[in-house]
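Chemist: Following this message is one structure expressed as structure tokens.
Nothing in this text is a laboratory measurement; each read-out follows from the coordinates by a stated rule. Note that the structure is predicted; figures quoted are calculated from it, not measured. Reconstructed Cβ throughout: ideal geometry from the backbone, glycine too, with neighbour counts over all protein chains shown.
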Amino acid sequence: MLNIIICGAPGCGKGTQSDLIVGKYNLKHLSTGDLLRKEIAEKSELGITAESYISKGNLVPDEMIINILSKNIEAFDNDINGMILDGFPRTVAQAEALQTMLSNSGKEISTLLDLSVEKDELIDRLLKRGQTSGRSDDNLETIQKRLEVYELQTAPVSDFYKKLGKYAAVDGMGSVEEIFGRIASILDSKK
Ligand code: AP5
């Protein structure tokens, strides 16, 4: 079973590369950003609370996101090829909760893929997407805040997986195809 975490700063290409990884390795894809945006679109109680954090560029509280994620993981059959977690864990507390969640069901993380992209390129990609996506967090002020939050709260998650020997740095600059080639060579060595 190939259980992957894909992480990196906002706009690094987590969603784009996840779609390609799912296509090649036939994995289940869980994006916490997509799950939250679905709740927002449905105007659920959770969605209304989440939007107040997301639109300001802050993370939603750990307890809320751990709850959503654990329900989704529990719903997977045991015979899947594996899963890709996109945008989770984003804090060390979430990483610890994930370890417990997986070990309770006899699963483990194969590797964390950490996509690195220069800051100017991240901002450029997100501003371009903001012109068509309608995402309330794709404006310059919120992007700057998301990048700060990433450095403070999410970057330390890499150390957590480095200590477990489950960390792979990926150069996230270049074309989508070039980056996918780098990822595929890492994942092929894990199969
Ligand atoms: P989330 O949806 O995860 O947003 P994000 O981390 O800010 O990442 P993005 O979706 O903006 O970018 P991405 O890295 O997926 O890049 P993409 O492939 O789309 O989370 C949103 C919010 O939800 C968070 O801020 C937080 O509030 C909350 N949240 C989510 N998870 C949480 C958690 N675990 N805990 C707490 N809160 C949580 O690419 C971006 C753009 O670039 C696209 O237009 C794409 O076409 C383009 N692009 C991609 N690759 C390339 C390339 N190689 N060259 C040129 N353009 C490219």
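Chemist: Can you flag which of K56/K163; K24/K162; K163/K191; K14/K162; K38/K128 are past 29 Å Cα-Cα?
Modeler: Pairs exceeding the cut-off: K56/K163.
Chemist: Another one. Residues in region 92-134, backbone N under 20 Å from the label point at D77 (7 Å along the Cα-to-beta-carbon vector): list them, ranges by number please.
Modeler: 105-108
Chemist: Here's another thing I want to ask about it. Bins of 5 Å, beginning at zero and ending with the bin holding the largest distance: percent of Cα pairs per bin for region 128-191, please.
Modeler: That works out to 4, 13, 13, 15, 21, 18, 11, 5, 0, in percent per bin.
Chemist: Using the alpha-carbon centroid of each, what span in Å lies between region 132-159 and region 41-115?
Modeler: A separation of 17 Å, based on Cα centres.
Chemist: To continue, here is another question. Considering only the other residues whose Cβ falls under 15 Å of the Cβ of K43, what net charge follows from Lys and Arg at +1 and Asp and Glu at -1?
Modeler: Net of charged neighbours comes to -2.
Chemist: While we're on this one: Net charge near Q131, counting Lys/Arg +1 and Asp/Glu -1 over other residues with Cβ under 15 Å of its Cβ? Mind showing how you got there, number by number?
Modeler: Values: positive: R125, K128, R129, R135; negative: D124, D137, D138.
Within the 15 Å Cβ shell, the charges total +1.
Chemist: Can you run the Rg to Rh ratio on region 2-184? Use alpha carbon positions and the Kirkwood inverse-distance Rh. Provide the component values of the computation, followed by the final result.
Modeler: Details: Rg = 15.7 Å, Rh = 16.8 Å.
A ratio of 0.94.
Chemist: Sum up the charges of everything whose Cβ sits under 14 Å from the Cβ of V117, counting Lys and Arg as +1 and Asp and Glu as -1, but leave V117 out.
Modeler: Working: positive: K14, K119, R125, K128, R129, R146, R182; negative: D114, E118, D120, E121, D124, E151, D171, E178.
Neighbourhood net charge equals -1.
Chemist: Based on the Cα gyration tensor of region 1-49, what are the three equivalent ellipsoid semi-axes, each the root of five times an eigenvalue, rounded to whole Å and given largest first? Display every interim value, and only then the final one.
Modeler: Details: eigenvalues 118, 33, 16 Å².
Working through the eigenvalues yields semi-axes of 24, 13, 9 Å.
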